[in-house]
Amino acid sequence: MTMTKNDTLTRIPGIKVGHYTDLDAATGCTVVRCPPKTVGAVDVRGGAPGTRETDLLQAQNLVEEVTAVVLSGGSAFGLGAADGVMRWHAERGLGYRSRSDVIVPIVPAAILFDLTIGASVYPDGRAGQQACEAASAEPVAMGSVGAGTGARIGAIRGNERASKGGIGSAAVELPNGLIVAALMAVNAAGNIIDEKGEILAGLRSADGAGFQSVLGAMSEMAAAQAEASARDATVIGVVASNGALTKAQAQKVAQMAQDGIARAVNPSHTMFDGDTIFALATGEIPADTSYVGAYSAEMVARAIRRAALHATSLAGVRAISAQ
């Protein structure tokens with residue numbers, strides 16, 4: 001395999017990514033704009049998901065193509081950003097053409113909880129439109145931007161002992177021109193684990209000298225019958241390839257991609273997470289489902305770690321780069 005200069009989601013031809021970032025309110029949204037006829041699917045693993053159009057993306061349902069995907073802060077309020085993305089595409093005649101010859105943009109969305117950091121503001125339709133306007137094929141900006149602006153990692157004992165989360169992306173070009181990529185918004189309840197199995201970011205120890213196991217903290221709280229300071233979290237994202245996949249095959253890729261969350265976040269898929277991954281396939285070249293799925297998991301793990309590494313301190317939550 002070969003790495004390219006642009007090793008983010010926009011390495012895939014036709015895919016564009018745009019962020020809307022509100023640093024004052026510590027929130028934002030991210031839009032992934034898709035080329036025509038992009039096949040989409042989804043897999044939801046977290047116990048507290050906030051989503052839109054995920055039923056439509058199930059393999060047995062009619063519509064296969066996706067116009068854009070929205071990742072947003074603002075908890076359930078942030079799903080409104082997708083309204084602006086729909087309007088933006090509809091005004092340009094972009095979307096699914098129904099049998100009645102009506103254009104309907106298909107815009108699935110997922111949100112993360114960032115309401116306990118910054119001001120009580122959340123992304124709306126205007127924010128979604130601005131993210132569309134900002135979308136480009138340039139390498140994806142990473143860190144505390146877009147949907148990752150207000151993201152935190154390991155906030156089980158509150159913001160002071162959490163690490164700053166954010167957006168991360170990664171891509172790889174494989175033999176025969178196959179490209180597999182991921183973009184993840186990381187607001188995890190668990191710690192971020194590096195390739196060696198060590199804690200990269202997350203719950204800081206009480207003395208500030210390092211990190212503490214989130215599982216250990218859960219055990220301590222259970223023994224003391226204490227409530228966690230913060231349990232609202234999630235990791236949401238998109239995996240994509242330029243391969244030709246059916247909707248059912250793309251759904252399998254989304255399922256396999258969730259393994260990347262399990263590799264990079266401990267614990268993952270808890271009742272307090274809304275872990276959701278959308279899978280996109282632009283259909284340019286033949287592709288094997290298992291091959292795409294396996295590399296999607298690798299790119300998800302890499303993107304999650306990059307989100308922590310690129311994050312910047314905001315609203316009292318320290319990034320690991322600020323240690």
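The values are calculated or read from the model by the stated rules, or taken from the named source; none is laboratory data. These numbers come from a predicted model, not from an experiment. Cβ sites come from the backbone with ideal geometry, for glycine too, and all protein chains shown count toward neighbours.
So, of the residues in region 272-300 that are buried (at least 21 other Cβ atoms within 10 Å of the Cβ), in contact (Cβ under 8 Å) with a residue 60 or more places away in the chain and in a helix (DSSP H, G or I), which turns out to be farthest from the chain's Cα centre (by Cα)? Filtering first and then ranking leaves Val292. The numbered conditions (1) at pLDDT 95 or above; (2) within 14 Å of Asp43 (Cα to Cα) are all true for Ser313 except (2). Please find, within region 233-264, the residue that is farthest from Ile15 (Cα to Cα) out of those that are of a type in the set (Val, Ile, Thr) and part of a helix (DSSP H, G or I). So, considering only residues that are of a type in the set (Val, Ile, Thr) and part of a helix (DSSP H, G or I), the one farthest from Ile15 (Cα to Cα) is Ile261. Please determine whether any residue of region 57-76 is touching a helix residue (DSSP H, G or I) at 6+ places or on another chain (Cβ under 9 Å), closer than 23 Å to Gly165 by Cβ, surrounded by fewer than 24 Cβ atoms within 10 Å (Cβ to Cβ) and in contact (Cβ under 8 Å) with a residue 24 or more places away in the chain. No, region 57-76 contains no residue that is touching a helix residue (DSSP H, G or I) at 6+ places or on another chain (Cβ under 9 Å), closer than 23 Å to Gly165 by Cβ, surrounded by fewer than 24 Cβ atoms within 10 Å (Cβ to Cβ) and in contact (Cβ under 8 Å) with a residue 24 or more places away in the chain. For region 17-52, the set of residues classified as basic (Lys, Arg) and part of a strand (DSSP E or B) consists of Arg33, Arg52, listed by residue number.
So, in region 8-59, exactly how many residues are of a type in the set (Val, Ile, Thr) and out of contact with any strand residue (DSSP E or B) (no Cβ under 7 Å at 6 or more places or on another chain)?
Step one: list which residues in region 8-59 are of a type in the set (Val, Ile, Thr), which gives 8, 10, 12, 15, 17, 21, 27, 30-32, 38-39, 42, 44, 51, 54.
Narrowing the set further to residues that are out of contact with any strand residue (DSSP E or B) (no Cβ under 7 Å at 6 or more places or on another chain) leaves 27.
So the count comes out to 1.
Please tell me if Ala59 is part of a loop (DSSP other than H, G, I, E, B) and touching a Gly at 6+ places or on another chain (Cβ under 9 Å). When the stated conditions are applied, Ala59 does not pass them. Could you figure out which of (1) at pLDDT below 95; (2) under 21 Å from Gly73 (Cα atoms); (3) not small (Gly, Ala, Ser) isn't true of Pro267? All conditions pass for Pro267, except number (2).
The residue that is modelled with the lowest pLDDT, counting only those in region 37-67 that are hydroxyl-bearing (Ser, Thr, Tyr) and either more than 13 Å from the chain's Cα centre (by Cα) or under 14 Å from Val253 (Cβ atoms) (or both), is Thr54. Put simply, of Arg99, Arg92, Arg52, Arg87 the only residue that is touching a residue at least 12 places away in the same chain (Cβ under 8 Å), more than 25 Å from Ala307 (Cβ to Cβ) and basic (Lys, Arg) is Arg87.
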